[in-house]
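Participant: Mind having a look at this structure? Questions to follow.
Every number in this text was worked out from the coordinates using simple rules, so none of it is lab data. Note that the structure is a prediction, hence the values are computed from the model and not measured. Using ideal geometry, Cβ is built from the backbone for each residue, glycine included, and neighbour counts are taken over all protein chains shown.
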Amino acid sequence: MGIKLNRFSHLSAIAGAVLAFGAALAASQTAMAADTWQPTRPIQIVVPSAPGGGLDLVGRTLQAAMTQEKLSSEPVTVLNRPGGGGTVGIAYINSHRGDGDYVSVQALPLVTNRITGLSTVGIADVTPLAVLVTEPIVFSVATSSPIKTGQDLIAQLRKDPSSVGLAVSSSPGGQSHIAASMVVKSAGQDTRKLKIVFFDSGGEAMTALMGNHVNVAVTPVGVALGASQAGKVRMIAVPSGTREAGALAGVPTWKEQGANIDFTTWRVLVGPKNMTPAAIAWWDNALQKATASPEWAAALKRSLWTADYKNSAQAAAFLNDENTRLTPLLGELGLAK
C-alpha cells in the first residue's frame, strides 16, 4: 500500500508540474504576443457621448490610469464623438479597420441598438476588449419637485404617464430608457405613452433636470452625485437588487418602494473590427494593469462603480450573453423592433 501511495504522489507531482508549466507557457505566450504589437500613434479612446456623462468619466479614468502606469509608449487621448447611441463612435474607429490604436467605450446600446431596430451596427462590428465596470442607475428629481419618493413617481405615472417628462442619458432602448420603461410597466402603464427626452450624456440630462425642463432624470449614478451633494437634485430610487453603500446608502431601491426592478448598466471597451491577435493581447495586458491601478481603484470609490474587469475573450462571451438576456426583456417592454 505504501508503494502505491508513493507512486500516486509521484504521478500527482508530475501532473501538477505539467499543469504549472502549461499555465506559465500560456502566460509567456500572451506576453510575447503583446510584445509583438505596440501603438504606432497616440491612442484614441473614443467616447460616444458628450463630455460629462458616464461613458466620458470611464474613458477619462482609463486615460488617466494608462498614463499614470506608463502602459503605452504613445500618448493616450480621449475623443468625444456623440450620436446614434454609440454608432457614431463605432463608425469612427472602424474607419481605421483593424487598427488597435483606436478603441471606444460603449454601453448597452452596443447590444440593444440592433434589437430595437435603431441601427444595424452591433457586437459583430467591433472587437470586444474588456468589460470594465458596472454602474448603478439612479432616478433623480429637482429638490423643489413635488415628487419626493419613488412611490410618488409611480402614483403620478398611474394617474397620467404623459404628465411626467423624463430625461434619459441613452438612446432608445439604452440603459436609462430600459430602467425608466421598467418603472412605467410596474405602474401598469404602456411604455409607449412615456414622455421621454433623450440626451447624448448624463451631464446634459442632469442640466435639463436642474433647469426644470423635465420632471425626472434617469442617469448613471456617477453624473448625479455632484448635483445631489450640492443640494440641487434629490435621488429618489435605484433599480438595484439591494440597497447600495456609501453615498447611495440613503437612497431606497425600487424594490423597497413596491416595484420589482433590478437593473444596472455596464461599460465595455471595444476596438475596430478585425484587430489582430497581437493587438488584442497588448490590450489584454494593458487593461489588466490599468484596472488594477490605484487610479482606477480611486475612481471606483469616487463614482460608485463596481469593479467587473473581464478580458477580451470573457467580454466577447459576456456581450453574447447580454444579447440573449436583453432581447426578450426589450420585447416585454415594447421596445424591440
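Participant: Which order do the peptides 227-240, 44-57 come out in when sorted by mean C-beta neighbours inside 10 angstrom, highest first?
Facilitator: With the highest mean Cβ count within 10 Å placed first, the list reads 44-57, 227-240.
Participant: Spin-label point model (7 Å from Cα, Cβ direction): what's the Arg60 to Ala297 distance in nm?
Facilitator: 2.3
Participant: About the Cα centre, and with charges only on the beta carbon of Lys, Arg (+1) and Asp, Glu (-1), how big is the dipole of the range 38-174? Nearest 20 debye, please.
Facilitator: For the range 38-174, the charge dipole is close to 220 debye.
Participant: Spin-label point model (7 Å from Cα, Cβ direction): what's the Thr276 to Thr36 distance in nm?
Facilitator: That separation, rounded to one decimal, is 0.8 nm.
Participant: Charges on Cβ only, +1 for Lys and Arg, -1 for Asp and Glu, centred on the Cα centroid of the chain; of Phe198, Ala124, Gln38, which one is farthest towards the dipole's positive end?
Facilitator: Phe198
Participant: Also: Can you sort Leu153, Leu248, Leu319 by how many other beta carbons sit within 10 Å, fewest first?
Facilitator: The fewest-first ordering by Cβ neighbours comes to Leu248, Leu319, Leu153.
Participant: Got a sec? How would Ser201, Ser144 order by Cβ neighbour count within 10 Å, fewest to most?
Facilitator: In increasing order of surrounding Cβ atoms, one gets Ser144, Ser201.
Participant: Working out 0.36 nm times the residue gap between Ser73 and Ala245, then minus their Cα-Cα distance, what length gain in nm do you get to one decimal?
Facilitator: 58.1 nm
Participant: Oh, and also: Just how far, in whole angstrom, is the range 167-200 from the range 38-74 if you go by their alpha carbon centroids?
Facilitator: A separation of 30 Å, based on Cα centres.
Participant: Of Lys193/Lys301; Lys148/Lys337; Lys159/Lys301; Lys193/Lys232; Lys289/Lys337; Lys70/Lys232, which ones are farther than 32 Å apart at the Cα?
Facilitator: Flagged as over cut-off: Lys193/Lys301; Lys148/Lys337; Lys159/Lys301; Lys289/Lys337; Lys70/Lys232.
Participant: On the principal axes of its Cα set, how long, how wide and how thick is the chain? Give whole Å, largest value first.
Facilitator: The principal-axis extents, from largest down, are 78, 58, 40 Å.
Participant: OK, next. If each Cα of the range 136-264 is one equal point scatterer, what is log10 of I(q)/I(0) from the Debye formula at q = 0.21 Å⁻¹?
Facilitator: -1.26
Participant: For the range 107-159, just say rounded, prolate or oblate: build the C-alpha gyration tensor, square-root its eigenvalues into a ≥ b ≥ c, call rounded for a/c under 1.5, and beyond that prolate if a/b exceeds b/c, oblate if not.
Facilitator: Working: a/c = 4.37, a/b = 2.19, b/c = 1.99.
Here the range 107-159 falls in the prolate category.
Participant: Is there a quick way to get the dipole size of the chain? I mean about its Cα centre, with the Cβ of Lys and Arg at +1 and of Asp and Glu at -1; what is the value in debye to the nearest 20?
Facilitator: Charge dipole of the chain: 480 debye, to the nearest 20.
Participant: Something else now. On a full-extension model of 0.36 nm per residue, what is the gain between Asp190 and Leu329, subtracting their alpha-carbon distance, rounded to one decimal in nm?
Facilitator: Between Asp190 and Leu329, full extension yields 48.6 nm more.
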